[in-house]
Amino acid sequence: MKEIIKYIVLFFSCTQLCLYGQLKLDDITLSRIEQRKIRRYIKQEIKKGKHQFKEIHSSWGKDKDLSSYRKSEKSFFLKGKLQDIWNGYVSANPSKSWEGGRVSFGLLLQKYPDHIFYRKDAIGGVDTGQVYFLNLKILLGAFKIPVAFEIITVNNKDKVIEFSYLDDNKSKGVQRIQYTEGKNGKIKIVHTSYFKSDSNFRDKFMYPFFHRRIINSFHRNMKKILTSEKYVLS
């Protein structure tokens with residue numbers, strides 16, 4: 001009986017320690033986030049009652065029907081080996097790959113195990129359960145829009161990365177990046193976006209226009225990173 005009681009006490013002690021050690025949105029140091037719009041976004045999430053990282057949800061789930069979503073697709077080509085380029089993309093620091101003239105990196109939350117990464121922190125690549133907070137610069141920075149998405153797939157076998165906008169985002173949907181062997185020794189990278197919002201004007205005109213420029217910036221950044229690390233042939 002004493003042994004049973006000891007294990008029960010040990011179990012509840014470990015549970016309390018785990019709960020105590022869990023990070024919350026309230027633990028984010030807002031002063032370390034440079035973008036005012038992202039700070040406001042996080043404050044609004046907390047006001048809505050979201051405190052635990054697990055309360056953050058993507059707007060799209062596996063096998064969800066995409067027939068009602070608009071689609072935008074663009075292909076990029078790099079010289080090199082498929083496995084090398086894939087390794088380069090998934091190991092790159094997101095704070096560097098998502099940083100440019102049209103987009104800036106604000107914050108990354110890792111759900112499991114929970115962790116908070118700020119702009120200047122070293123981040124060991126892309127993984128499922130990561131939540132990115134970015135600041136989009138529209139019309140030469142005249143307008144700034146916070147965007148948040150979660151990495152939901154990193155498929156090493158099929159060479160696919162998927163990330164979905166959070167359910168509180170203005171746009172809902174998923175973006176998929178797939179890497180395959182192309183022609184003439186080049187690797188083909190297809191970046192496909194499925195999206196919709198409550199505004200037909202935004203979906204038809206604004207989203208495709210600005211989205212293409214942002215993903216162009218992302219893949220240009222990645223090409224520079226991969227070239228400097230000898231993953232890509234110049």
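For the reader, a short list of remarks on this structure follows.
- Test: residue in the stretch 125-134 that is charged (D, E, K, R), touching a residue at least 12 places away in the same chain (Cβ under 8 Å) and within 20 Å of K37 (Cβ to Cβ): no
- Single residue of F76, F117 found to be surrounded by fewer than 21 Cβ atoms within 10 Å (Cβ to Cβ) and more than 22 Å from Q35 (Cα to Cα): F76
- P146 meets the conditions (1) under 10 Å from the mean Cα position of the chain (by Cα); (2) not in a loop (DSSP other than H, G, I, E, B) in every case but one. The failed one is (1).
- Only a single criterion out of (1) in a helix (DSSP H, G or I); (2) surrounded by fewer than 16 Cβ atoms within 10 Å (Cβ to Cβ); (3) free of Cβ contacts under 8 Å to residues at least 24 places away in the same chain is not satisfied by N184, namely (1).
- T180 being of a type in the set (S, T, N, Q), on the phi < 0 side of the Ramachandran plot and more than 18 Å from the chain's Cα centre (by Cα): yes
- Single unsatisfied condition, D168 versus (1) in contact (Cβ under 8 Å) with a residue 40 or more places away in the chain; (2) part of a loop (DSSP other than H, G, I, E, B); (3) in contact with a Ser or Thr (Cβ under 7 Å, 6 or more places away or on another chain): (3)
- Checked against the criterion of being touching a Gly at 6+ places or on another chain (Cβ under 7 Å), in contact (Cβ under 8 Å) with a residue 12 or more places away in the chain and part of a strand (DSSP E or B), the candidates Y179, Y194 yield just one match: Y194.
- In the stretch 139-181, residue nearest to I214 (Cα to Cα) [restricted to those that are among the polar types (S, T, N, Q) and surrounded by fewer than 21 Cβ atoms within 10 Å (Cβ to Cβ)]: Q175
- Positions within the stretch 196-231 being over 20 Å from the mean Cα position of the chain (by Cα) and within 17 Å of S97 (Cα to Cα), in sequence order: T227, S228, E229, K230, Y231
- If you check Y165, Y194, Y179 for being under 19 Å from Q35 (Cβ atoms), modelled with pLDDT of 95 or more and not small (G, A, S), only one passes: Y165.
- Odd one out for K157, checked against (1) outside any loop (DSSP other than H, G, I, E, B); (2) at pLDDT 90 or above: (1)
The values are calculated or read from the model by the stated rules, or taken from the named source; none is laboratory data. Keep in mind that this is a model prediction, so the values were computed, not measured. Ideal geometry is used to build each Cβ from the backbone, glycine not excepted, and the neighbour counts take in all protein chains shown.
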